[in-house]
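**Student:** Take a look at this one; I'll ask things after.
The values are calculated or read from the model by the stated rules, or taken from the named source; none is laboratory data. Source: prediction; values computed, not measured. We place every Cβ from the backbone using ideal geometry, glycine too, and count neighbours over all the protein chains shown. The protein model used for the area step is the full one, side chains on, heavy atoms only, and it has no ligands, DNA or RNA in it. Shrake-Rupley method; radii C 1.70, N 1.55, O 1.52, S 1.80 Å.
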Amino acid sequence: MKHVESYQGFEQGPIRPPSEAESLLIRITRNCPWNRCTFCPVYKGETFSRRPLEHVLRDIDTVQACVEQVLADREGRSPGVAAGACADRQALHAAYSFVAGGMRSIFLQDGNSLIIKPAELIRILERLRQAFPRVERITSYARSQTIARIHDRDLARMAAAGLNRIHIGMESGADQVLELVHKGVDKATQVLAGQKIKRAGMELSEYYIPGLGGRALSRENALESADALNQINPDYIRLRTLALPREAPLTRQYRAGEFDKMGEVETAAELLLFLRSLEGITSRVKSDHVLNLFTEVDGELPADQEAMIQPVERFLALAPEEQLLFAIGRRTHCLSRVADLDDPLLRGRAAQVCTELGATVANMDQVLDGIMERFI
Ligand code: SF4
């Protein structure tokens, strides 16, 4: 007999992109239906499931009631939330953050929302639009493999129902790298999926991971990723420099000597090759994650390409002792840009931290790995 899942209250999943920090999170699936990427620790050990449509619609109704209660409370129109109608604490918490963020955007969780039936997704979108008519953006993560299988007509219907931004973890455009990390998709499918999203009229964010191919595939990772993105012309290219979280299978491979991870300097060289290889597109490049060494790599193509390249070139041309100072200074928040090396006060702080950590040119990447573990 088929198990019928009972409603357990408003749910939220573990992650969202940094750009969705102020969004209302609506969980429509749990975990990731693929879950085999070796660099990704997020859903490992968890089983994928689709939440029943009625449960998601109930979540939307619940959070809508909580938002109304929070707004009424703020405007002094009710005795207060504690005495109000919304007893679901998780939904109430989500409503508070949503209202505080201006109620402009909604993010559909978890890892690949477009895997549910298009008709169901459209019902969810319609209910969200009814509940929150002033929301400007509804966004989701999606896998290229899934998007490639969806008919263009259905994607256009989703866009018309309000889904207007998709985040795709392309990670790499190099087939060898994609295979190495078990991404479960090839370059051609990544390009096709990206182009389909753009054709449907949705805004597209694509993620690239400098360093994902290790030392051996660094050049391919840079060139093939840039080539894939040149064919897609996404609205956003977001950088996520490779990090090795404890729970990721790739970390085990690294410790077993099976993955040749690059250090900061070689990863910067890969990033430079990538940036130089972007051409003929109008994407905005964002370095919106603490894992990235260069906050300055942020601008619109083609106008800002040279300005984004310049700090990376400057870093690569520095003496090893200066590279050490910048990398440690940046990772410990003493410095935020390469140009901060020109400020004696900021340099002094970075040098002091290097001394405290015992960081030298020889052990720089080891020390940095230890610092980065705290961020991931
Ligand atoms: S598809 Fe995305 S969420 Fe799923 S394992 Fe890969 S990186 Fe993680």
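**Student:** Rounded to the nearest 0.05, what FRET efficiency do ARG246 and ASP288 give with R0 = 25 Å and r taken as the Cβ-Cβ distance? Could you check?
**Tutor:** Efficiency, from the Cβ-Cβ distance: 0.60.
**Student:** If you take the charge dipole of the chain about its Cα centre, with +1 on Lys and Arg Cβ and -1 on Asp and Glu Cβ, which of THR282, LEU128, GLY111 is farthest toward its positive end?
**Tutor:** In the chain, that residue is LEU128.
**Student:** How big is the antiparallel share of DSSP beta bridges in the chain, given as a percent to the nearest 5?
**Tutor:** 15 percent
**Student:** Taking only the Cα atoms of region 164-317, how large is their convex hull per residue, in Å³?
**Tutor:** Taking the convex hull of the Cα positions in region 164-317, it is 105 Å³ per residue.
**Student:** I would also like to ask the following. Rounded to the nearest 0.05, what FRET efficiency do ARG314 and VAL361 have when you use their Cβ-Cβ distance and R0 = 22 Å?
**Tutor:** My answer for the efficiency is 0.80.
**Student:** Regarding region 1-142, what are the three Cα extents along the principal axes, ordered largest first, in Å?
**Tutor:** Principal-axis extents of the Cα atoms in region 1-142, largest first: 50, 40, 28 Å.
**Student:** With the crude spin-label approximation of a point 7 Å out along Cα→Cβ, what separation in nm comes out for ARG123 versus GLU373?
**Tutor:** The answer from the label model is 4.8 nm.
**Student:** Just how much of GLU356 is accessible, in Å², when a 1.4 Å probe is used and the result is rounded to the nearest 10?
**Tutor:** 130 Å²
**Student:** Right, here's the next one. Using a Gaussian network for the chain with springs between C-alpha atoms less than 10 Å apart, which of these wobbles most: ALA303, ALA327, ALA193?
**Tutor:** Residue with maximal mean-square fluctuation among ALA303, ALA327, ALA193: ALA303.
**Student:** Further question on the same structure: Computed over the Cα atoms, what is the radius of gyration of region 320-376 divided by 2.2 N^0.38 Å, N being its residue count?
**Tutor:** 1.01
**Student:** So in the chain, which Cys have no other cysteine's beta-carbon sitting under 4.7 angstrom from theirs?
**Tutor:** CYS32, CYS334, CYS354
**Student:** Arrange the residues TYR7, TYR43 by how much accessible surface each exposes, largest first, with a 1.4 angstrom probe.
**Tutor:** Greatest to least solvent exposure: TYR7, TYR43.
**Student:** Write down, largest first, the equivalent ellipsoid semi-axes of region 94-249 in whole Å, where each equals the square root of 5 times an eigenvalue of the alpha-carbon gyration tensor. Don't skip to the end; give the middle numbers.
**Tutor:** Numbers: eigenvalues 175, 64, 35 Å².
Result for region 94-249: semi-axes of 30, 18, 13 Å.
**Student:** Report the paramagnetic label zone for ASP175: residues of region 196-225 whose backbone N is under 16 Å from a point 7 Å from Cα along the Cα-to-Cβ axis.
**Tutor:** Taking a point 7 Å out along Cα→Cβ of ASP175, the residues of region 196-225 whose backbone N falls under 16 Å are 220-221, 223-225.
**Student:** Percent relative contact order of the chain, based on C-alpha pairs within less than 8 angstrom and at least six residues apart? Write down the numbers at each step before the final one.
**Tutor:** On the way: 663 pairs, mean separation 45.8, N = 376.
So the answer I get is 12 percent.
**Student:** Can you give me the relative contact order of region 1-142 as a percent, contacts being Cα pairs under 8 Å and 6 or more apart?
**Tutor:** Relative contact order for region 1-142 comes out at 32 percent.
**Student:** Another question, if that's okay. Ordering SER19, SER6, SER144 from largest to smallest accessible area (1.4 angstrom probe), what's the sequence?
**Tutor:** So the residues, ranked largest to smallest area, are SER6, SER19, SER144.
**Student:** For the chain, what is the mean residue ellipticity at 222 nm derived from helices alone (per DSSP H run of n ≥ 4: -39500 (n - 2.57); sum divided by total residues; nearest 500 deg cm²/dmol)? Don't jump to the answer; show the numbers that get you there.
**Tutor:** Values: 14 runs with 167 residues, N = 376.
Using -39500 (n - 2.57) per qualifying helix, the result is -14000 deg cm²/dmol.
**Student:** On to the next question. Within region 311-376, report the trypsin sites (Lys or Arg not before Pro) that DSSP leaves as loop and that have at most 14 other Cβ atoms within 10 Å.
**Tutor:** Hits after loop and neighbour filter: ARG374.
**Student:** Once R0 is set to 30 Å, what does the formula 1/(1 + (r/R0)^6) return for the Cβ-Cβ distance between ALA160 and ARG74, expressed as a FRET efficiency to the nearest 0.05?
**Tutor:** Efficiency at R0 = 30 Å is approximately 0.35.
**Student:** Evaluate the relative contact order of region 206-313 (contact order divided by residue number), counting alpha-carbon pairs under 8 angstrom at least 6 apart; express in whole percent. Could the numbers behind the result be given before it?
**Tutor:** Details: 164 pairs, mean separation 33.6, N = 108.
For region 206-313, the relative contact order is 31 percent.
**Student:** Can you sort LEU217, LEU128 by solvent-accessible area, 1.4 Å probe, largest first?
**Tutor:** Heavy-atom accessible area, descending, gives LEU217, LEU128.
**Student:** Hey, can you grab everything whose amide H is under 5 Å from the amide H of MET170? Only 5+ residues off in sequence or another chain; H modelled, so Pro and N-termini drop out.
**Tutor:** TYR207
**Student:** Can you tell me the dipole magnitude for region 160-309 around its Cα centre, using point charges on the Cβ only (Lys, Arg +1; Asp, Glu -1), in Debye to the nearest 20?
**Tutor:** The calculated dipole for region 160-309 is roughly 460 debye.
**Student:** Which whole number of Å³ per residue matches the convex hull of the alpha-carbon atoms in the chain?
**Tutor:** 166 Å³
**Student:** With a cut-off of at most 15 other beta carbons within 10 Å, and DSSP calling the residue loop, which GluC sites (Glu not before Pro) in region 1-77 qualify? Please list them. Provide the component values of the computation, followed by the final result.
**Tutor:** Numbers: sites: GLU5, GLU11, GLU20, GLU22, GLU46, GLU54, GLU68, GLU75; in loops: GLU5, GLU11, GLU22, GLU46, GLU75.
The qualifying sites are GLU5, GLU22, GLU46, GLU75.
**Student:** Something else about it: Would you be so kind as to identify all helices of the chain, as entire DSSP H runs, whose Cα atoms reach 24 Å or more along the helix's own axis and whose mean Kyte-Doolittle hydropathy is at least -1.0?
**Tutor:** Those that clear 24 Å and a mean of -1.0 are 53-74.
**Student:** How large a share of the accessible area of the chain, in percent, is made up of carbon and sulfur atoms when the probe is 1.4 Å and the other protein chains stay in place?
**Tutor:** Looking at the chain in its full context, I get 49 percent from C and S.
**Student:** For region 180-186, take each phi angle, set θ = phi - 60°, evaluate the Karplus expression 6.51 cos²θ - 1.76 cosθ + 1.60, and give the result in whole Hz per residue in order, putting x for glycine and proline.
**Tutor:** 4, 9, 6, 6, x, 7, 10
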